[in-house]
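Enquirer: Can you read through this structure? Questions will come right after.
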């Protein structure tokens with residue numbers, strides 16, 4: 001079925017939304033997320049605060065859609081990198097390594113993800129369309145990671161008794177926290193080289209989920 005062509009008004013609306021999102025993402029590189037207000041975003045794009053509300057329901061909606069753009073970019077990189085390895089276990093480690101590499105190159109992505117991990121999504125502040133976009137992308141990411149874990153169970157690289165959904169949740173939240181700590185410039189009781197810190201976690205996780213008798217491949 002042929003999709004109807006977008007009107008000029010729809011194109012302009014989408015273009016301006018994207019302009020605001022890109023400006024917000026740039027602005028987040030210089031400000032703490034909690035300190036960024038609608039007034040700050042309006043100033044960055046040279047719109048009035050009232051004009052912003054014509055395109056987004058709230059500050060939270062803008063931040064959530066900024067996260068969606070990060071997730072989509074990173075997921076594309078992860079899928080490309082995982083084509084170079086075959087086993088489920090190897091793909092999981094590559095998935096984690098690419099996440100870390102992306103966060104190194106986009107430091108604001110770490111803080112943006114942490115913000116949503118600890119703040120949670122208030123549905124009252126997110127429009128239906130924006131939430132559907134987030135939900136669709138998030139489900140795609142979860143299904144993709146789930147298929148990798150299931151591949152590992154079926155190809156024998158992961159433990160056969162592995163609870164896939166529990167393992168995915170623990171992998172995601174733990175790895176994001178480890179990366180956040182590794183890249184954080186704030187005080188810590190102990191200092192570690194960021195690359196070694198993340199690699200150590202991935203190796204521990206690899207050893208915990210690999211099939212009994214399997215020797216984790218350090219080169220993957």
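The values are calculated or read from the model by the stated rules, or taken from the named source; none is laboratory data. Quick caveat, the model's predicted, so the values are computed rather than measured. With ideal geometry, Cβ positions are generated from the backbone for all residues, glycine too; neighbour counts draw on all protein chains shown.
Enquirer: In the range 1-13, is there at least one residue being at pLDDT 90 or above and either closer than 30 Å to residue 162 by Cβ or part of a helix (DSSP H, G or I) (or both)? Explain how you work it out, then say what you get.
Expert: Restricting attention to the range 1-13, the residues satisfying the condition of being at pLDDT 90 or above are none.
The answer is no, given that none of the residues of the range 1-13 is at pLDDT 90 or above and either closer than 30 Å to residue 162 by Cβ or part of a helix (DSSP H, G or I) (or both).
Enquirer: Kindly provide the set of residues from the range 169-181 that are buried (at least 17 other Cβ atoms within 10 Å of the Cβ) and within 15 Å of residue 206 (Cβ to Cβ), ordered by number.
Expert: Residues satisfying the conditions are 171, 175, 178.
Enquirer: If you don't mind, there's one more thing I want to ask. Check residue 30 against each of (1) free of Cβ contacts under 8 Å to residues at least 40 places away in the same chain; (2) loosely packed, with under 15 Cβ neighbours inside 10 Å; (3) in a helix (DSSP H, G or I) and name the one condition it does not meet.
Expert: Evaluating residue 30 over (1) free of Cβ contacts under 8 Å to residues at least 40 places away in the same chain; (2) loosely packed, with under 15 Cβ neighbours inside 10 Å; (3) in a helix (DSSP H, G or I) leaves (3) as the failure.
Enquirer: In addition: Could you check, for the range 36-53, whether at least one of its residues is in a helix (DSSP H, G or I), touching a residue at least 60 places away in the same chain (Cβ under 8 Å) and not assigned by TED's automatic domain parsing to the domain that holds residue 120?
Expert: No, the range 36-53 contains no residue that is in a helix (DSSP H, G or I), touching a residue at least 60 places away in the same chain (Cβ under 8 Å) and not assigned by TED's automatic domain parsing to the domain that holds residue 120.
Enquirer: Pull out all pairs, ordered by first then second residue, where Cβ-Cβ is under 8 Å, the residues are six or more apart or on different chains, the first lies in the range 200-220 and is on the phi < 0 side of the Ramachandran plot and loosely packed, with under 13 Cβ neighbours inside 10 Å, and the second is assigned to a helix (DSSP H, G or I) and modelled with pLDDT of 55 or more.
Expert: Partner pairs satisfying both residue conditions: 218/203.
Enquirer: Any idea how many residues of the range 107-120 are surrounded by 15 or more Cβ atoms within 10 Å (Cβ to Cβ) and in contact (Cβ under 8 Å) with a residue 60 or more places away in the chain?
Expert: 7
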